[in-house]
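Structure first, then comments.
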Amino acid sequence: MSDTVRKPIIGGNWKMHKTVTEARSLALQTKHALVNVADRIEVVVCPPFGALGAVGEVLKGSKIFLGGQNCHWEEKGAFTGEISAPMLRDLGCRYCIVGHSERRHKFGEPDEWVCRKAHALHLHGLAPIVCIGETLEERESGTTKDVVRGQILGSLKDVSTEQMLKTVIAYEPVWAIGTGKTATPDEAQEVHAFIRNILIDVYGLEVALRIRIQYGGSVKPESMVELMAQPDIDGALVGGASLEASSFAKIVSFDTGGES
Ligand code: PEP
């Protein structure tokens, strides 16, 4: 983590886990576990859509932000099963994940959709967490950087400087998500630095140094200190380990040895 103006941001992606009752309970435990840490680190939890309202109620009065896991780019209409940015906003969301690898690979979402979603979120005052990352085959064939470059440029097309400063990028190598295989800090840093260089080319140095880039992929409390010691890693997007308040709290309080 660099000593620039970038405040670390750690997100919990609950994916399709937790009923409303379970989500309320996890939110309450998470809120209690993080009572002292939220000032120095930004924390976001992204429950499934059905639990957003309940979790939002629990988080009221805390500094933990609420996020969606996906959205549609239209405000309303005949899009069965979808949720729009203004609806997420109305539920109290400040952030929304877009382009998660599970959306890209299991639901066939192309960069163009991710980009439309990012624009819709900005239009309605939410900040997108834009996920990118290569598959194992892409890494093994040596195309990681081409893939990452294509995803960044395609997913962030026409995003203004002002919008970019609110956007969070999550580098999540697909081979590390939910597999227990974390990228080594060096592997992650190499790609994060590459991403920052693309941002420098597009937005200039001053802006690029202010954009936060999270790492995601089997993050555990034990891997956080070394990951966060890297100059271009500004936080984490956490799946499995965010489903237990105690492990998520340890991840968030990585800089105090797990004490919040
Ligand atoms: C994720 O869902 O974004 C993720 C990184 O999951 P996990 O931490 O379980 O690998």
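Bear in mind these aren't lab numbers, they're just calculated from the coordinates by the rules spelled out. Quantities reported herein were computed from a predicted structural model and do not represent experimental measurements. Neighbour counts are summed over all protein chains in view; Cβ atoms, including those assigned to glycine, are modelled from backbone coordinates with ideal geometry.
Consider the range 226-239. How many of its residues are more than 15 Å from the ligand (Cβ to nearest atom) and either of a type in the set (Gly, Ala, Ser) or under 17 Å from residue 35 (Cβ atoms) (or both)?
1
Condition check: within 16 Å of the ligand (Cβ to nearest atom) and not hydrophobic (A, V, I, L, M, F, W, C). Does residue 187 satisfy that?
Spelling it out, residue 187 is indeed within 16 Å of the ligand (Cβ to nearest atom) and not hydrophobic (A, V, I, L, M, F, W, C).
Could you grab the pairs with beta carbons closer than 9 Å, sequence gap of 6+ or different chains, first residue in the range 58-70 and within 16 Å of residue 97 (Cα to Cα), second one assigned to a loop (DSSP other than H, G, I, E, B) and of a type in the set (Lys, Arg)?
69/15
Considering only the range 78-91, I want to know if a residue exists there that is within 16 Å of the ligand (Cβ to nearest atom) and of a type outside the set (Gly, Ala, Ser).
No, because not a single residue in the range 78-91 is within 16 Å of the ligand (Cβ to nearest atom) and of a type outside the set (Gly, Ala, Ser).
Keeping to the range 156-173, report how many residues are under 20 Å from residue 235 (Cα atoms) and not in a loop (DSSP other than H, G, I, E, B).
Result for the range 156-173: 8.
Among what's in the range 174-190 and is assigned to a loop (DSSP other than H, G, I, E, B) and either of a type in the set (D, E, K, R) or out of contact with any Phe, Trp or Tyr (no Cβ under 9 Å at 6 or more places or on another chain) (or both), pick the residue that is surrounded by the most Cβ atoms within 10 Å (Cβ to Cβ).
Checking each candidate, the answer is 177.
Could you identify the single residue in 242, 218, 223 that is more than 19 Å from residue 17 (Cβ to Cβ) and either free of Cβ contacts under 8 Å to residues at least 12 places away in the same chain or within 16 Å of the ligand (Cβ to nearest atom) (or both)?
After applying the criteria, what remains is 223.
Here is a check on your reading of the model: is residue 23 touching an Asp or Glu at 6+ places or on another chain (Cβ under 9 Å) and assigned to a helix (DSSP H, G or I)?
In short, no.
Looking at the range 240-259, is at least one residue on the phi > 0 side of the Ramachandran plot and part of a loop (DSSP other than H, G, I, E, B)?
Yes, the range 240-259 contains at least one residue that is on the phi > 0 side of the Ramachandran plot and part of a loop (DSSP other than H, G, I, E, B).
Is it the case that residue 193 is assigned to a helix (DSSP H, G or I) and within 14 Å of the ligand (Cβ to nearest atom)?
no
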